[in-house]
Amino acid sequence: MEWILLTALALIVIGAIILVVIGMRDSNQEDKLQERLAEFAARGESASLEEIELSQPISERIIVPLARSFGRFATRFTPQNAIQSTAHMLELAGNPRGLDPSIFWLARFFFAILLGGGLFFVFSISDSSWSLSRQLIVVALATIFGFFLPQMLLQSKIDRRQKSVRKSMPDALDLLTICVEAGLGFDGAMQKVYEKWDSELSMAFGRALREIQLGKLRREALRTMADRLGVAEMSSFVAAVIQSEQLGVSMAKVLRIQADQMRIKRRQLAEEEAHKAPIKMLIPMALLIFPSICIVLMTPALLMMMRSALSGILGFN
């Protein structure tokens, strides 16, 4: 029985290492095979496709394809709506580390097995006084937590990205307004935002520009950009830009109005966060600060009462 548990734990650890290796890959890096082809072309050397593939790292040749195969196997048991929802959430998060839905669902299953199987292994080799039912409940809770842990991390990534977009939108719209008033077209103004800044919003503008250059209509590219960001302010901005194009309204005037509205919205969000601060401070104050103050203030009085005549009345003796 012990060797079966050890084998299962080893498989879980190997799977976790595979996921870590995949997660550590840079999401912005180009295809390794394309890099090798460019390298051989620059050298002027002739090589077969097999030699080029063998020159890639072992992680790109074995580990990543194996993980993707397991991920596709895991997605067979996953509802299609859940896969589409996961793909949309990955888009909202900016495709962190180049993940796709199959790898993400594989990570969820592996984290569930890792935490649940790890606790089960610990309980099986330890002399715990807990009953079997309590151990099973703890293992089940750990498994559920491991299954939803990647989902919580992804949602946290989405919230941080959307917060960054909301924070940078007024300044980006100011730059768009200045560029349009200076005589640039809207596409040229977006290009300036993409060149000057390195943020989530500028990268979204850059991706929309590439789609426009590939032949996509500007309004469709802007709507797709708003859907990828999932920010209500961006959707409102895109709708205003599209309406200004259709109605022939001055683009600079629309951008200036939108920039003023976004600045007011950012100020309101900052005030909302400031009003939440006292409520958030209650928990550390109640659990950490108030007990310490009570100990510092009450201990001398308690010691004096124990040494006084009231000690016998209060039952300290």
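In whole Hz and in residue order, list the ³J(HN,Hα) couplings for segment 270-277 that follow from phi through the Karplus curve 6.51 cos²θ - 1.76 cosθ + 1.60, θ = phi - 60°; x for Gly and Pro.
Going residue by residue, I get 5, 5, 5, 5, 5, 6, 7, 4 Hz, with x marking Gly and Pro.
So what's segment 233-309 giving for Cα Rg divided by 2.2 N^0.38 Å, two decimals?
On the way: Rg = 27.8 Å, N = 77, 2.2 N^0.38 = 11.5 Å.
Computed over Cα atoms of segment 233-309, the ratio equals 2.43.
In what order do Lys216, Lys280 fall by count of nearby beta-carbon atoms within 10 Å, going from fewest to most? Don't skip to the answer; put the middle values down first.
Values: Lys216 14, Lys280 10.
The most exposed by this proxy come first: Lys280, Lys216.
Under 18 Å from the 7 Å Cα→Cβ point of Lys163, by amide nitrogen: which residues of segment 182-206?
What the label zone holds, given the 18 Å backbone N cut-off, is 199-201.
If neighbour count is taken as other Cβ atoms inside 10 Å, put Lys167, Lys196 in order from fewest to most. Kindly include the intermediate steps, with their values, before the conclusion.
Values: Lys167 16, Lys196 12.
Listed from fewest to most nearby Cβ atoms, that is Lys196, Lys167.
Tell me, how many Å apart are the Cα centres for segment 264-280 and for segment 163-190?
One Cα centre to the other: 25 Å.
Using Cα positions and a limit of under 25 Å, work out the lysines in reach of Lys253, with same-chain residues fewer than 8 apart set aside.
Partners within reach: Lys167, Lys192, Lys196, Lys265.
For a quick check: sort Leu106, Leu114 by the number of other beta carbons within 10 angstrom, fewest at the front. Provide the component values of the computation, followed by the final result.
Values: Leu106 26, Leu114 21.
In order of increasing Cβ crowding within 10 Å: Leu114, Leu106.
Below 8 Å between Cα atoms, with a sequence gap of 6+, how large is the relative contact order for segment 69-176 in percent? Don't skip to the end; give the middle numbers.
Working: 77 pairs, mean separation 34.2, N = 108.
Relative contact order comes out at 32 percent.
Find the relative contact order for segment 164-267 and round it to a whole percent, using C-alpha pairs within less than 8 Å whose residues are 6+ positions apart. Don't jump to the answer; show the numbers that get you there.
Values: 92 pairs, mean separation 35.4, N = 104.
That works out to 34 percent.
No value in this document is a laboratory result; all are computed from the given coordinates. Quantities reported herein were computed from a predicted structural model and do not represent experimental measurements. Note that we place each Cβ from the backbone using ideal geometry, even for glycine, and neighbour counts take in every protein chain shown.
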